[in-house]
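Colleague: Shown below is the structure under consideration.
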Amino acid sequence: MTFTLTINRERFESHLANVLAKHESAGAHVVPVIKGNGYGFGRTLLAGAVSNLGLDRVCVGTIWEAAEVLENFTGEVIVLEPISTQDDLAFSQWEQLLAEYSPRLLPMVASTDTKKLSSIGVTRAWLDIQTSMHRFGLSVAEAAKAHGGARILMQIAGIGTAKRIVGKDGNPAPLEDFAKVVNVNLIGTYNAARVFAAACAKLDPMEDGERGAMVFTASVAAFDGQVGQQAYSASKAGVAGMTLPMARDLAQHGIRVCTIAPGIFATPLLKTLPEPVQASLAASIPFPSRLGKPEEFAQLAAHIVSNGHLNGEVIRLDGALRMAPR
């Protein structure tokens, strides 16, 4: 780990500590909900940071994200994704983590196979749900009953695909591929926002009448989409496009909304590319001519939450990058 990364994490901790202090002083019990923190930007928001802030619990999206957080956090980790006895790989991961971290690991249970669940040590769950239709809404409601209302939403999860409209075989691109990306990136963001906002609007106001803040993740592809990025660009443009009207809509409730549109960042996923490809991508960025650091994304996200006058804005974080057509 480099000295720069250590310093940046200290800055992030300082930002988040200020936010927590502000909310706690208003009598609010803060439980950060960070979606998509398993592999890219969101992981930097938690790993090696929140454990130093005195938090007693956090919510994460999946068991894979929980595995990362549990290594660096001494409190309870609530997992929004339910245990399914039908997914052998995930079930095995649950079994391994429960053996090591129970009772700090609180799962949501989606199976009635109590015998199999008991066999891996599930003795305490925070929600029993049989359908995924309204999973996130029920999750937020149950978490609020047990741990207090959430005032911060970091919506980071997203997927991408590269499909030309007309393939090499002359056939049209599969519609289901386009729909899947839009469903996860755009509809998923809206769903998390609407559920969070409805719950947050019921909380007592704090300083300046503020009740909470939401930070979405778009992309420079929302503005400079490349060949084959129709689905990804459309989904991220939708996130950027709803930021201002949502901020205006929620102003009456004291809930701020901002979006970060990152450029090319050195996330674990991108770091799997060959070094020459990474170097080429970095060279395309005017200044600084390097890949963005995930902790720089974390710094901006934390600043948005702590700066009460930032609202309704989409902020590019890209080193002045403008993507070429290919």
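Colleague: State yes or no: is LEU105 modelled with pLDDT of 70 or more and surrounded by 12 or more Cβ atoms within 10 Å (Cβ to Cβ)?
Modeller: Details: modelled with pLDDT of 70 or more: yes; surrounded by 12 or more Cβ atoms within 10 Å (Cβ to Cβ): yes.
Yes; evaluated as a whole, the condition is true for this residue.
Colleague: Further question on the same structure: Before we move on, is ALA251 at pLDDT 90 or above and under 17 Å from LEU186 (Cβ atoms)? Full working, then the answer.
Modeller: Numbers: at pLDDT 90 or above: yes; under 17 Å from LEU186 (Cβ atoms): no.
Here the answer is no, as ALA251 does not meet what is asked.
Colleague: Something else: Scan the range 160-167 and tell me whether some residue there is within 22 Å of ASN311 (Cβ to Cβ) and surrounded by 14 or more Cβ atoms within 10 Å (Cβ to Cβ).
Modeller: From the range 160-167, those within 22 Å of ASN311 (Cβ to Cβ) are none; that's our starting set.
Among the residues of the range 160-167, not one is within 22 Å of ASN311 (Cβ to Cβ) and surrounded by 14 or more Cβ atoms within 10 Å (Cβ to Cβ), which makes the answer no.
Colleague: I'd like to check something: does the range 280-293 contain any residue that is touching a Lys or Arg at 6+ places or on another chain (Cβ under 6 Å), under 30 Å from ALA198 (Cβ atoms) and not charged (D, E, K, R)?
Modeller: Filtering the range 280-293 for residues touching a Lys or Arg at 6+ places or on another chain (Cβ under 6 Å) gives 282.
Among the residues that remain, those that are also under 30 Å from ALA198 (Cβ atoms) are: none.
Within the range 280-293, not a single residue is touching a Lys or Arg at 6+ places or on another chain (Cβ under 6 Å), under 30 Å from ALA198 (Cβ atoms) and not charged (D, E, K, R).
Colleague: Condition first: part of a helix (DSSP H, G or I) and of a type in the set (A, V, I, L, M). Now tell me which residues in the range 143-189 satisfy that.
Modeller: Looking only at the range 143-189, we keep the residues that are part of a helix (DSSP H, G or I), and these are 143-147, 175-189.
Selection gives ALA143, ALA144, ALA146, LEU175, ALA179, VAL181, VAL182, VAL184, LEU186, ILE187.
Colleague: Mind listing just one residue for me: the one in the range 186-206 that is surrounded by fewer than 20 Cβ atoms within 10 Å (Cβ to Cβ) and of a type outside the set (A, V, I, L, M) and, of those, nearest to HIS303 (Cα to Cα)?
Modeller: Only one residue fits best here, namely PRO205.
Colleague: Additional query: Pairs needed: first member in the range 142-165, closer than 29 Å to SER235 by Cα; second member anywhere, of a type in the set (Asp, Glu); C-beta distance under 8 Å; at least 6 residues apart or different chains.
Modeller: THR161/ASP177; LYS163/ASP177
Colleague: Could you go through the range 254-270 and let me know if any residue there is of a type outside the set (Val, Ile, Thr), more than 16 Å from PHE223 (Cβ to Cβ), without any contact (Cβ under 8 Å) to a residue 12 or more places away in the chain and out of contact with any Asp or Glu (no Cβ under 6 Å at 6 or more places or on another chain).
Modeller: no
The values are calculated or read from the model by the stated rules, or taken from the named source; none is laboratory data. All values reported here derive from a predicted model rather than from experimental measurement. Cβ sites come from the backbone with ideal geometry, for glycine too, and all protein chains shown count toward neighbours.
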